[in-house]
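The values are calculated or read from the model by the stated rules, or taken from the named source; none is laboratory data. As the structure is a prediction and not an experimental result, all values here were calculated from the model. Methodologically, a virtual Cβ is constructed for each residue, glycine included, from the backbone with ideal geometry; neighbour enumeration extends over all protein chains shown. To get the accessible areas, we keep the full protein, side chains included, count just its heavy atoms, and leave off ligands, DNA and RNA. Shrake-Rupley method; radii C 1.70, N 1.55, O 1.52, S 1.80 Å.
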Amino acid sequence: MYEKIQHLSKELEALIVTTAQDAEELRIKWLGKKGYITVLFDEFKTIAADQKRSLGQPLNALKNAAQEKIQALRHATVQETVATSADCTLPGDPQLFGARHPISIVRNEIIEIFAHTGYTLAEGPEIEDDWHVFSALNFPPEHPARDMQDTFFVRQSDNAVVLRTHTSSVQVRVMELQQPPIRVICPGRVFRNEAVSARAHCIFHQVEGLYIDENVSFADLKQAVLHFAQEMFGKETKIRLRPSYFPFTEPSAEVDVSCNICGGKGCNICKYTGWLEIMGCGMVDPNVLEANNIDSKKYTGFAFGMGIERIAMLKWRVRDLRLYFENDVRFLAQFTAVV
Ligand code: PHE
């Protein structure tokens, strides 16, 4: 048996193959059910115990060598097949690029416009407590926004936990950590208990801004909003401010931009008014500054907030808000050219 092992070892060393099929045949001949190695092992079982001791080691070595060699031969033929069948003159497979989601595109654009005028970015949690969403922002205890009709509650109690209804909560977090000058924008996802329709959704995205320093005036607010509107919708865009109400700003205003579709003449997008509403804004209420330990005698500030979906709808004339959430690739693929 020792001679057989010796003989096979030599034979093994000399083995060569050219095709994958040859390699497979060798595998069966050597390592298959009736292969040389298997037969030797069967024979090994029948020999005397003292012989086993001296033959076990070389037999195992032969088995390992055969496995390695045949594996190497198979590998070599596979590589060869790949190398010889590749046609280097063929054009490459096209690389299909995905598109950024339109909401991300517009969010990035808004962030960039404000970054150019010195705003930094702040983010905060989507699950918030009552203080950051309502109390620190001067919402009276009986304000309807605190009602379940408008707000999703995670826990309803004296110290309620809610899904934030606006990213003004992040502005509160910034004021907690920082004294003026503050110039910050807060993008993020917000939640309101609304029936889903073409114009409203229970989840949407906002960018809110806050600017607090000495001598900040309503004129500064107007200029900041005008600059944003013209960067976003074009240099010829006009704005108008209508008086409004928010608990955290006084005075408060609603901002309209001239309709970029009809140029202000009136169309069905602007409902024949020539104007499109884009955001809320106002001077930060002194109560809010005081609640956040900022001296309201020394500092004033303005805040604004807009829905990203709304801006994106006006930019691309998307008529149904739900398209942003359905992730239909036929809709999303239309934004591949936009970065
Ligand atoms: N937080 C307001 C909203 O969600 C928007 C806003 C922000 C209004 C700042 C005025 C000032 O509707």
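Using a cut-off of 31 Å between Cα atoms, the listed pairs 238/297; 235/297; 271/297; 222/315 include 238/297; 235/297; 271/297 as exceeding that distance. Relative to the 2.2 N^0.38 Å rule of thumb, segment 150-258 has a C-alpha radius of gyration ratio of 1.24.
Let me know the Kirkwood hydrodynamic radius for segment 216-327, please, with Cα pairs as the basis and the value in Å to one decimal. Each step should come with its number before you reach the end.
Values: mean 1/r = 0.0654 Å⁻¹.
One over the average 1/r among Cα pairs gives 15.3 Å for segment 216-327.
Cys residues of the chain that find no other Cys beta carbon under 4.7 Å: 88, 186, 202, 281. Our summary gives the chain a relative contact order of 16 percent, counting only alpha carbon pairs under 8 angstrom and 6 or more residues apart.
Segment residue 236..residue 33, full-extension length gain: 64.7 nm, with 0.36 nm per residue of separation and the alpha-carbon distance subtracted. Rolling a 1.4 Å probe over the heavy atoms of the protein chains gives the chain an accessible area of 57 Å² per residue. Over segment 2-85, what is the relative contact order in whole percent, taking alpha-carbon pairs under 8 Å and six or more residues apart? The normalised contact order for segment 2-85 reaches 42 percent. Taking the Cα centre of the chain as reference, the dipole from Cβ charges on Lys and Arg (+1) and Asp and Glu (-1) amounts to some 920 debye. Under 5 Å from the amide H of residue 264 lie the amide H atoms of 259, each residue being 5 or more positions distant or on a separate chain, with H modelled from the backbone and absent for Pro and chain starts.
Can you tell me the length gained on complete extension of the stretch residue 24 to residue 215, counting 0.36 nm per residue apart and subtracting the Cα distance? Numbers along the way, then the final one.
Details: separation 191, 0.36 × 191 = 68.76 nm, distance 8.53 nm.
Full extension from residue 24 to residue 215 adds 60.2 nm.
Scaled to the globular estimate 2.2 N^0.38 Å, the Cα spread of the chain, given as radius of gyration, is 1.81. Distant-in-sequence amide contacts of residue 278, defined by a placed amide H-H separation under 5 Å and a gap of 5 or more residues or a different chain, comprise 255, 256, 257. Most tightly packed first, judged by the mean number of other beta-carbon atoms within 10 Å of their residues, the peptides 220-226, 143-149, 175-181 read 220-226, 175-181, 143-149. Using only the C-alpha atoms, the convex hull of segment 195-236 corresponds to 122 Å³ per residue. Only protein heavy atoms count here; on that basis, with a 1.4 Å probe, residue 54 has an accessible area of about 80 Å².
Quick one: net charge of residue 41's neighbours, Cβ under 13 Å, K/R +1, D/E -1? In short, +4. The HN-Hα couplings worked out from phi for segment 186-197 by the Karplus form 6.51 cos²θ - 1.76 cosθ + 1.60 (θ = phi - 60°) are 10, x, x, 8, 10, 9, 9, 7, 10, 5, 6, 8 Hz, whole numbers, x standing for Gly and Pro. Once each part is reduced to its C-alpha centroid, what is the distance from segment 261-339 to segment 174-203 in angstrom? The distance from the Cα centre of segment 261-339 to that of segment 174-203 comes to 11 Å. Computed with every protein chain present, the accessible area of residue 29 is close to 100 Å² [probe 1.4 Å].
Between residue 17 and residue 131, the contour length at 0.36 nm per residue exceeds the alpha carbon distance by 33.3 nm.
How much of the accessible area of segment 2-85, in percent, comes from carbon and sulfur atoms when a 1.4 Å probe is used? It would help to have the intermediate numbers written out before the result.
On the way: 3300 of 5910 Å².
Its accessible area is 56 percent carbon and sulfur atoms.
Dividing the alpha-carbon radius of gyration of segment 2-85 by the rule-of-thumb value 2.2 N^0.38 Å gives 1.25. Placing unit charges on the Cβ atoms only, positive for Lys and Arg and negative for Asp and Glu, gives segment 2-85 a dipole magnitude near 300 debye about its Cα centre.
Partners of residue 4 within straight-line reach, counting aspartates and glutamates whose Cα lies under 16 Å from its Cα and excluding those fewer than 8 residues away in the same chain: 13, 42, 43. In the chain, the sites counted are chymotrypsin sites (Phe, Trp or Tyr not before Pro) in DSSP loop states with at most 16 other Cβ atoms within 10 Å, and the longest stretch holding none of them, exclusive of the sites, is 153-271. Taking θ as phi - 60° and the Karplus parameters 6.51, -1.76 and 1.60, the scalar couplings of segment 47-58 work out to 7, 5, 4, 5, 5, 3, 4, 7, 8, x, 5, x Hz in sequence order, x denoting glycine and proline. Of the residues 3, 254, ranked by 1.4 Å probe accessible area with the largest first, the sequence reads 3, 254.
Within the accessible surface of segment 125-200, defined with a 1.4 Å probe on protein heavy atoms only, the carbon and sulfur portion equals 51 percent.
Between the DSSP loop rule and a limit of at most 16 other Cβ atoms within 10 Å, which GluC sites (Glu not before Pro) in segment 119-157 are left?
On the way: sites: 123, 126, 128, 142; in loops: 123, 126, 142.
Taking segment 119-157 and a limit of 16 other Cβ atoms within 10 Å, the loop GluC sites (Glu not before Pro) found are 123, 126, 142.
Amide H to amide H distances under 5 Å link residue 160 with 130, where only residues 5 or more positions off or on other chains count and H is placed in the peptide plane.
Applying 1/(1 + (r/R0)^6) with R0 = 22 Å to the Cβ-Cβ distance of residue 333 and residue 108 gives a FRET efficiency near 0.70.
Between residue 90 and residue 297, what is the FRET efficiency for a Förster distance of 56 Å, r being their Cβ-Cβ separation, to the nearest 0.05? Could you put the intermediate results ahead of the total?
Numbers: r = 75 Å, r/R0 = 1.34.
It comes out at approximately 0.15.
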